[in-house]
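Below is one structure; the comments refer to it alone.
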Amino acid sequence: MNKLQAAQMETLVASLLESYEEHSVISNIDSDNRLNREMIIQICEMVRQVLFPGYFEDKKLKSGTVRYHVGELLENIEYELTKQVGKAMECAGAQAECECRCRAEEIVQSFLYRLPWLREMLAKDVQAAYDGDPAAFNTDEVIFSYPGVFAITVNRIAHELHVLGVPMIPRIMTEYAHNLTGIDIHPGATIGEYFFIDHGTGVVVGETTVIGKNVKLYQGVTLGALSTRGGQTLRGVKRHPTLMDNVTVYSGASILGGDTVIGEGAVIGSNAFITSSVPDHTRVSIKNPELQFKVRGSVQTQELGQEGFFNRKEND
Amino acid sequence: MNKLQAAQMETLVASLLESYEEHSVISNIDSDNRLNREMIIQICEMVRQVLFPGYFEDKKLKSGTVRYHVGELLENIEYELTKQVGKAMECAGAQAECECRCRAEEIVQSFLYRLPWLREMLAKDVQAAYDGDPAAFNTDEVIFSYPGVFAITVNRIAHELHVLGVPMIPRIMTEYAHNLTGIDIHPGATIGEYFFIDHGTGVVVGETTVIGKNVKLYQGVTLGALSTRGGQTLRGVKRHPTLMDNVTVYSGASILGGDTVIGEGAVIGSNAFITSSVPDHTRVSIKNPELQFKVRGSVQTQELGQEGFFNRKEND
Amino acid sequence: MNKLQAAQMETLVASLLESYEEHSVISNIDSDNRLNREMIIQICEMVRQVLFPGYFEDKKLKSGTVRYHVGELLENIEYELTKQVGKAMECAGAQAECECRCRAEEIVQSFLYRLPWLREMLAKDVQAAYDGDPAAFNTDEVIFSYPGVFAITVNRIAHELHVLGVPMIPRIMTEYAHNLTGIDIHPGATIGEYFFIDHGTGVVVGETTVIGKNVKLYQGVTLGALSTRGGQTLRGVKRHPTLMDNVTVYSGASILGGDTVIGEGAVIGSNAFITSSVPDHTRVSIKNPELQFKVRGSVQTQELGQEGFFNRKEND
């Protein structure tokens, strides 16, 4: 082939090297604290194997020997995660290296000690998914295939690291889950037990969201901020809503704002747009999505709305 | 590094082993019928190679030798799928092993005999995608890159297995497609020929949905249940709608309920929320999405709505 | 196992071979111009490594030797991309092979010369993501994990190839990004600098969309066509909207139609459905999403709407 001549290639490389210096915001050269995204995802999968033993390994686990399997996994997780946490905290940077590295080790050990508790939480999440979905065949199916369960698993792992003060790594983990599931939960969100997201594509749960126990979300739900035009000046401010226990939010609904509290047992109907608080045990739905019907030329208007939504006591 | 001491590690492992017993709902140890999710996805991809020969292999297929290639693929599919179906049916469990295993073999053979028919269906789906999208360059582009085609391919494979009574495996397959495309079609859904989903992210098609021929869905469409609060008590009940032939459903529309029938040739507008039946040849749209305009302080209200939707005869 | 008998297998293979001839629209046998989807995705990732040096390699890059790394990457990209472009242009077909192949080489060289400029654009996109999101920790986090940045990176790569007249390959690239992010941007769309998509799942940007500078989109936004029932007869027609500089479009909004122009600095509220032009510096929102509240039997109606949307000056 008529390839680029050596001289042309040199010119091109030179102009790229120049660009690497000029736009250094998107260059990561000579960095001692370079994160390894693939490894972080692999760590996430190893932790998932510890949490759901026997589901995702490529071999059958036996009760007589599972301790060796788990022990080795934990050793790998500790080693690799400590390395990545150290980099995320820039231990190889200007800081006192030793102190920083010890802090990274402490964080990882604290994280590992939380694993049995994470299993408690996840057992409840799996149960919530099975109980809440008539299409669920059994809990194994839920574990093998439900995107909502995958997303909350990764989120609970990432949230522990977030609470322990680890930067960047939690978000890489949750965006990995977002890639696979279309469910975008920020690692900062606080989520109670027995949580279920059905279908899930398009769900957004913002950084400062607080969610109680036994909450169920459907696809396309946003728990978001009223406005983020303030950009970085809003960092740390509670911008996202609070959902109390036993809340259900149907598909496509948006609940926005840091002062918005959805009361206990409230039910938010499909596509509702909520920017202020809702009392306990209240059902909110769009009243008036008036529909227009046109059959071969004639136009009729009918207020169909979500009346059914209020009359469906038997099913709810 | 200051690693966990041996004693600490032992304590952690012990507490995890305890948790494996206590929360056995998310443990899969000593299981003889452990499904292999990765293998199920690989089987799905092998079937896709049989259905679309020459598109996804890493070599060029030649007409003189393609029979050997297909024969070998089929042999692998038969072997691996029979193993997985046997596990899904718990053939290694309390049941009479032999009978169960023979049933698994029969199912896989029935499935394989359906492949030529699946190709007929998929040839029409590809044609529907090409015909329906002005941005489609040719049918090869559609096969290589359209998520809607990927999703319906996996769904048609999974649906055959579902109809043959295979548990779990079909759902693992469709959730694999959901991961990649954002299109969530339950393997139980019955879908007619010449089906096209454009863009597709956020589409949900529930388990008991029935769809006729030549139906087109856009991104974010839900064909769902009115309420699933009944959870497992609703299993098997028709909870999702029926769409007759030649129906179009625009982006973001929701059609809910097992008694809801969308008549032949009906067109459902964007974001419509439908909970009762729509007659044949009817166009339904939201009448009144009144918009408010604010320009530097003044507020004007204008009923813009989807009027255009009713006046776009030339394009529709 | 009771496998398919040799004769049965032969019958099945024969019926598949027959189907390969009958439904040749989904067969790709004896093709000299067979694209390799996996290789195209790998090329895309190699280009991303050139554009974001040091982020996605499995080794640390050093300033002293980065030129060799980049040079080798470019050589690989040139070789593999030229091969794929040649196939996409059907150089091994009826055309004068030599001329076609030279054209493929020229295209790839033109593409490579655009890489420094692509870096300029992407540096601004990354900055826009960081500036626009209070949850962003730093620009590295944005590069490692933000789906909007991944999607616009792949789109800018694919758009260059699209402009240079390469068929099929650009769409395979953007659908790869769509798979991972839920963001579906057609390679034909023209997008200005400092572009940010937040969250992103469900975003659709059509082929003939034109977007100015400093535009921000949220999840679920559609920049689409009014109707595509015309199918292939509409190819090449401007069917998608134009957004001028400094436009913000909040989640779930749809802006449709080739004549629709959103004026400079306009803000489109959540779930708005826009089918005609909007003047400069105008805020548009749904006026009347009236909500119905039901607390234990009583029903109250309240016009909650998006009033807040108009009163949030401090934050915007």
ask   = Looking only at the stretch C:232-271, which residues are assigned to a loop (DSSP other than H, G, I, E, B) and touching a helix residue (DSSP H, G or I) at 6+ places or on another chain (Cβ under 7 Å)?
value = C:Gly269
Counted residues, the stretch B:96-117 - those being of a type in the set (Asp, Glu) and either in contact with a Pro (Cβ under 7 Å, 6 or more places away or on another chain) or within 11 Å of chain C (Cβ to nearest Cβ) (or both) = 2
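Quick grid of which residues meet (1) in contact (Cβ under 8 Å) with a residue 24 or more places away in the chain; (2) not aliphatic (A, V, I, L, M):
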{"position": "C:Thr82", "(1), (2)": "yes, yes"}
{"position": "C:Met89", "(1), (2)": "yes, no"}
{"position": "C:Glu97", "(1), (2)": "no, yes"}
{"position": "C:Arg103", "(1), (2)": "no, yes"}
{"position": "C:Ile107", "(1), (2)": "yes, no"}
{"position": "C:Pro134", "(1), (2)": "no, yes"}
query = Residues of the stretch B:97-119 being surrounded by 22 or more Cβ atoms within 10 Å (Cβ to Cβ) and either closer than 24 Å to C:Ile40 by Cα or among the acidic types (Asp, Glu) (or both), which ones?
reply = none
key: Subset of the stretch A:155-171 that is part of a helix (DSSP H, G or I) and of a type in the set (A, V, I, L, M) - its residue that is farthest from A:Arg114 (Cα to Cα)   = A:Ile169
ask   = Restricting attention to the stretch C:163-171, does a residue exist that is surrounded by fewer than 20 Cβ atoms within 10 Å (Cβ to Cβ), out of contact with any Pro (no Cβ under 9 Å at 6 or more places or on another chain), at pLDDT 95 or above and closer than 30 Å to A:Lys87 by Cβ?
value = no
query = Are any of the residues in the stretch B:9-19 crowded, with 19+ Cβ neighbours inside 10 Å and touching a residue at least 12 places away in the same chain (Cβ under 8 Å)?
reply = no
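Identify, from the list C:Glu141, C:Glu175, the residue that is over 20 Å from the mean Cα position of the chain (by Cα), of a type outside the set (Val, Ile, Thr) and buried (at least 21 other Cβ atoms within 10 Å of the Cβ).
When all the criteria are applied, what remains is C:Glu141.
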Hits in the stretch C:105-158 - residues which are among the β-branched types (Val, Ile, Thr) and more than 20 Å from C:Ile172 (Cα to Cα) = C:Val126, C:Thr139, C:Val142, C:Ile143
key: Counted residues, the stretch A:274-306 - those being acidic (Asp, Glu) and either at pLDDT below 85 or not in a loop (DSSP other than H, G, I, E, B) (or both)   = 2
request  = Return yes or no: is B:Arg101 over 19 Å from B:Leu217 (Cα atoms) and either of a type in the set (S, T, N, Q) or modelled with pLDDT under 95 (or both)?
outcome  = yes
request  = Filter the stretch C:243-295 down to the residues that are of a type in the set (Lys, Arg) and buried (at least 19 other Cβ atoms within 10 Å of the Cβ), then identify the one that is nearest to C:Ala128 (Cα to Cα).
outcome  = C:Arg283
key: Selection from the stretch B:225-257 of residues that are in contact with a Lys or Arg (Cβ under 8 Å, 6 or more places away or on another chain) and within 7 Å of another protein chain (Cβ to nearest Cβ)   = B:Leu226, B:Ser227, B:Thr228
request  = Output the residues belonging to the stretch B:172-207 that are part of a loop (DSSP other than H, G, I, E, B), hydroxyl-bearing (Ser, Thr, Tyr) and farther than 25 Å from A:Ile268 by Cβ.
outcome  = B:Tyr194
ask   = What are the residue pairs meeting all of these: first residue in the stretch B:116-128, first residue in the same structural domain as B:Phe52 (by the TED database) and of a type in the set (Val, Ile, Thr), second residue modelled with pLDDT under 95 and buried (at least 20 other Cβ atoms within 10 Å of the Cβ), Cβ atoms under 8 Å, and 6 or more apart or on different chains?
value = none
The stretch B:35-64 - residue that is more than 10 Å from chain C (Cβ to nearest Cβ) and β-branched (Val, Ile, Thr) and, of those, farthest from B:Ala123 (Cα to Cα) = B:Ile40
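Here is a yes/no grid of residues against (1) out of contact with any Cys (no Cβ under 7 Å at 6 or more places or on another chain); (2) in the same structural domain as A:Glu160 (by the TED database); (3) closer than 21 Å to A:Arg114 by Cβ; (4) not hydroxyl-bearing (Ser, Thr, Tyr):
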residue	(1), (2), (3), (4)
A:Ser15	yes, no, no, no
A:Glu18	yes, no, no, yes
A:Glu21	yes, no, no, yes
A:Ile43	yes, yes, yes, yes
A:Phe56	yes, yes, yes, yes
A:Lys60	yes, yes, no, yes
A:Gly71	yes, yes, yes, yes
A:Ile77	yes, yes, yes, yes
A:Met89	no, yes, yes, yes
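State yes or no: is C:Leu122 surrounded by 22 or more Cβ atoms within 10 Å (Cβ to Cβ) and within 10 Å of another protein chain (Cβ to nearest Cβ)?
So C:Leu122 passes the test.
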message = Given the options A:Gly236, A:Gly231, A:Gly220, name the one that is within 19 Å of the chain's Cα centre (by Cα), free of Cβ contacts under 8 Å to residues at least 12 places away in the same chain and not assigned by the TED database to the domain that holds A:Ala123.
response = A:Gly236
request  = Considering only the stretch B:6-33, state which residues are farther than 14 Å from A:Lys62 by Cβ, among the small types (Gly, Ala, Ser) and at the interface with chain A (Cβ under 7 Å from one of its Cβ atoms).
outcome  = B:Ser15, B:Ser19
query = Across the stretch C:207-216, what is the number of residues that are free of Cβ contacts under 8 Å to residues at least 40 places away in the same chain, more than 7 Å from every other protein chain (Cβ to nearest Cβ) and within 14 Å of the chain's Cα centre (by Cα)?
reply = 3
query = Going by the structure shown, is A:Tyr194 more than 10 Å from every other protein chain (Cβ to nearest Cβ) and either buried (at least 24 other Cβ atoms within 10 Å of the Cβ) or of a type outside the set (Val, Ile, Thr) (or both)?
reply = yes
inquiry  = Give all pairs with beta carbons closer than 6 Å in which a residue from the stretch C:184-206 that is polar (S, T, N, Q) meets a residue that is buried (at least 24 other Cβ atoms within 10 Å of the Cβ); count only pairs at least 6 apart in sequence or on separate chains.
reply    = C:Thr201/A:Gly182; C:Thr201/A:Gly202; C:Thr201/C:Gly182; C:Thr201/C:Gln219
inquiry  = Please go through the stretch C:261-273 and give me each residue that is of a type in the set (A, V, I, L, M) and modelled with pLDDT under 95, ordered by number.
reply    = C:Ala272
remark   = Filtering the stretch C:18-71 for residues that are outside any loop (DSSP other than H, G, I, E, B) and in contact with a Lys or Arg (Cβ under 6 Å, 6 or more places away or on another chain) leaves a count of 2
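The values are calculated or read from the model by the stated rules, or taken from the named source; none is laboratory data. If you're wondering where the values come from, they're calculated on a predicted model, not measured in any experiment. Cβ sites come from the backbone with ideal geometry, for glycine too, and all protein chains shown count toward neighbours.
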